[in-house]
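**Student:** Please see the structure below; I have some questions.
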Amino acid sequence: EAGVTQSPTHLIKTRGQQATLRCSPISGHTSVYWYQQALGLGLQFLLWYDEGEERNRGNFPPRFSGRQFPNYSSELNVNALELEDSALYLCASSLGGMELNEKLFFGSGTQLSVL
Amino acid sequence: AQTVTQSQPEMSVQEAETVTLSCTYDTSESDYYLFWYKQPPSRQMILVIRQEAYKQQNATENRFSVNFQKAAKSFSLKISDSQLGDAAMYFCAYRSFGGGADGLTFGKGTHLIIQP
């Protein structure tokens, strides 16, 4: 069974550009979480999607946005990139809806570098 | 809001020895889950062990065990017979029993070094 897959593995952008990161959850999982892992700061919660709807967002500016598609894959968009957006972005999936539970499975992340 | 604190930025242990990683948390909830995740250089977060707060028995997974002290809000991870492959960042994490709109709340991690 395929795990959570994220693309691209690495992404290099310049200040002011937009970045799009993609995540495919484990088959059967309808919940997708996005986290930012900046150096020395641990993992910070960004967004939660469940069954196609945004359910919650963390303490990040509106230029961080995303969506979840009918097949439950998800996209994270970061507009007007700033240097401090450089980080590893991790996606995690879990059973969702009425089966929402505590086990999150993570992908290997997208390393975003903003120059 | 819940918080998770890992007070040891880095730990070092000799191969085959035992090491304990510390974690404390703050919550007003009575039911919740606690986790230890491992993040090797491949960057993927791997679940090591999971504890349900309503269970008094400490969770064990092979060489990994926890010391869960609910009243003290402490959740330490013990790794026995350390192996070179255990070298990684270890994150302690909390999740509300109801699922948790934030998913998991993480500590800042402990970098574990295994000395051959």
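The values are calculated or read from the model by the stated rules, or taken from the named source; none is laboratory data. Only a predicted model underlies this, so the values are computations on that prediction, with no experimental measurement involved. Virtual Cβ from ideal backbone geometry, glycine too; neighbours counted across all protein chains shown. Heavy atoms of the whole protein, side chains included, go into the accessibility calculation; ligands, DNA and RNA do not. Shrake-Rupley method; radii C 1.70, N 1.55, O 1.52, S 1.80 Å.
**Student:** Quick one: in segment A:37-62, which of the residues that are more than 9 Å from chain B (Cβ to nearest Cβ) and of a type in the set (A, V, I, L, M, F, W, C) is nearest to residue B:111 (Cα to Cα)?
**Tutor:** Going through the qualifying residues, I end up with A:39.
Residue-by-condition table, conditions (1) touching a residue at least 12 places away in the same chain (Cβ under 8 Å); (2) within 22 Å of residue B:88 (Cβ to Cβ); (3) not hydrophobic (A, V, I, L, M, F, W, C):
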{"residue": "A:39", "(1), (2), (3)": "yes, yes, no"}
{"residue": "A:53", "(1), (2), (3)": "yes, no, yes"}
{"residue": "A:67", "(1), (2), (3)": "yes, no, yes"}
{"residue": "A:72", "(1), (2), (3)": "yes, no, yes"}
{"residue": "A:84", "(1), (2), (3)": "yes, no, yes"}
{"residue": "A:89", "(1), (2), (3)": "yes, yes, yes"}
{"residue": "A:92", "(1), (2), (3)": "yes, yes, no"}
{"residue": "A:111", "(1), (2), (3)": "yes, yes, yes"}
{"residue": "A:114", "(1), (2), (3)": "yes, no, no"}
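**Student:** Next question, about the same structure. May I ask you to list the residues in segment B:29-72 that are closer than 26 Å to residue B:84 by Cβ, among the charged types (D, E, K, R) and either within 12 Å of chain A (Cβ to nearest Cβ) or open to solvent by less than 30 Å² (accessible area, probe 1.4 Å) (or both)?
**Tutor:** B:38, B:43, B:50
**Student:** Every residue in segment B:94-114 that is at pLDDT below 95, crowded, with 20+ Cβ neighbours inside 10 Å and more than 8 Å from chain A (Cβ to nearest Cβ), please.
**Tutor:** B:94
**Student:** If residue B:78 satisfies every condition in (1) free of Cβ contacts under 8 Å to residues at least 60 places away in the same chain; (2) open to solvent by 70 Å² or more (accessible area, probe 1.4 Å) but one, which is the exception?
**Tutor:** Failing condition for residue B:78: (1).
**Student:** Restricting to segment B:73-99, and then to whatever is outside any strand (DSSP E or B) and under 13 Å from residue B:53 (Cβ atoms), can you tell me which residue is farthest from the chain's Cα centre (by Cα)?
**Tutor:** Of everything passing the filter in segment B:73-99, B:98 is farthest from the chain's Cα centre (by Cα).
**Student:** List the strands (runs of 3 or more DSSP E) inside segment A:7-56, counting only whole elements, that have at least 1 residues being surrounded by fewer than 19 Cβ atoms within 10 Å (Cβ to Cβ) and of a type outside the set (Gly, Ala, Ser).
**Tutor:** In segment A:7-56, the matching strands (runs of 3 or more DSSP E) lie at A:10-13, A:19-24, A:43-50.
**Student:** For segment A:63-71, does any single residue satisfy the condition of being small (Gly, Ala, Ser) and in a loop (DSSP other than H, G, I, E, B)?
**Tutor:** No: zero hits.
**Student:** Filter segment B:73-93 down to residues that are within 26 Å of residue A:31 (Cα to Cα) and either of a type in the set (Asp, Glu) or more than 9 Å from every other protein chain (Cβ to nearest Cβ) (or both), then give me how many there are.
**Tutor:** Residues flagged as within 26 Å of residue A:31 (Cα to Cα) and either of a type in the set (Asp, Glu) or more than 9 Å from every other protein chain (Cβ to nearest Cβ) (or both) within segment B:73-93 amount to 3.
**Student:** A further question on this structure: Only one of these is at positive phi, modelled with pLDDT of 90 or more, of a type outside the set (A, V, I, L, M, F, W, C) and touching a Lys or Arg at 6+ places or on another chain (Cβ under 9 Å): A:52, A:42, A:16. Name it.
**Tutor:** A:52
**Student:** Would you tally the residues in segment A:13-36 being more than 11 Å from the chain's Cα centre (by Cα) and facing chain B (nearest Cβ under 9 Å)?
**Tutor:** Within segment A:13-36, residues that are more than 11 Å from the chain's Cα centre (by Cα) and facing chain B (nearest Cβ under 9 Å) number 1.
**Student:** Another question, if that's okay. Quickly run through segment B:6-28 and pick out the residues that are over 18 Å from residue B:116 (Cα atoms), in contact with a Ser or Thr (Cβ under 7 Å, 6 or more places away or on another chain) and open to solvent by 70 Å² or more (accessible area, probe 1.4 Å).
**Tutor:** B:7, B:9, B:26
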